[in-house]
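Heads up: the structure comes next, in structure tokens.
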Amino acid sequence: QVQLVESGGGLVQPGGSLRLSCVASGSIFSINVMGWYRQTPGNQRELVARISSVGTTSYGDSVKGRFTISRDNAKNTVYLQMNSLRPEDTAVYYCNMGIKTDWRIREADYWGQGTQVTVSS
């Protein structure tokens, strides 16, 4: 079994910063892409940022220049540094990883349970 556990969410004032972390544990052979998504009530989950196994990154248009994704492969961990936060960044943030649990098994998508980020004065 594989588990993804997020941390670092909370309440922050506009203009402030937060750092999210997501650790994968369990039977892991390899991890491909790691990413962060977010969702607000009544809306679809949207991509925030993704990072490949070799460090190539991509970002949603609304967070470019403000958020930075990084990963620590030795720790099976992905981070999201969020700066200059805005009220419209308020959402539940989910981490996502493409994980192989065995070299013979196809990669599967795994999701964390979500962490709430609220940007408000």
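The set of residues in segment 67-104 being free of Cβ contacts under 8 Å to residues at least 40 places away in the same chain and over 17 Å from GLN39 (Cβ atoms) consists of THR68, ILE69, SER70, ARG71, ASP72, ALA74, ARG104. In summary, PHE67 fulfils each of the numbered conditions (1) more than 12 Å from the chain's Cα centre (by Cα); (2) under 16 Å from THR115 (Cβ atoms) with the single exception of condition (1).
Scanning segment 70-121 for residues that are hydrophobic (A, V, I, L, M, F, W, C), more than 24 Å from GLY16 (Cα to Cα) and more than 13 Å from the chain's Cα centre (by Cα) returns ALA74, ILE99, TRP103, ILE105, ALA108.
Note on segment 34-58: among residues that are open to solvent by less than 60 Å² (accessible area, probe 1.4 Å) and not in a strand (DSSP E or B), the one that is farthest from LEU85 (Cα to Cα) is SER53.
Among the residues of segment 3-33, those identified as assigned to a strand (DSSP E or B) and surrounded by fewer than 16 Cβ atoms within 10 Å (Cβ to Cβ) are GLN3, VAL5, SER7, GLY10, LEU11, ARG19, SER25, GLY26, SER30, ASN32.
Number of residues in segment 66-100 that are more than 17 Å from VAL5 (Cβ to Cβ) and part of a loop (DSSP other than H, G, I, E, B): the value is 6.
Of all the listed residues (ASP61, ASP109), the sole one being open to solvent by 30 Å² or more (accessible area, probe 1.4 Å) and in a loop (DSSP other than H, G, I, E, B) is ASP61.
The values are calculated or read from the model by the stated rules, or taken from the named source; none is laboratory data. From a predicted model like this one, the values you see are computed outputs, not experimental measurements. So basically every Cβ, Gly included, is an ideal-geometry build from the backbone, and we count neighbours across all protein chains shown. Calculation scope for accessible area: heavy atoms of the full protein, side chains included, ligands and nucleic acids excluded. Shrake-Rupley method; radii C 1.70, N 1.55, O 1.52, S 1.80 Å.
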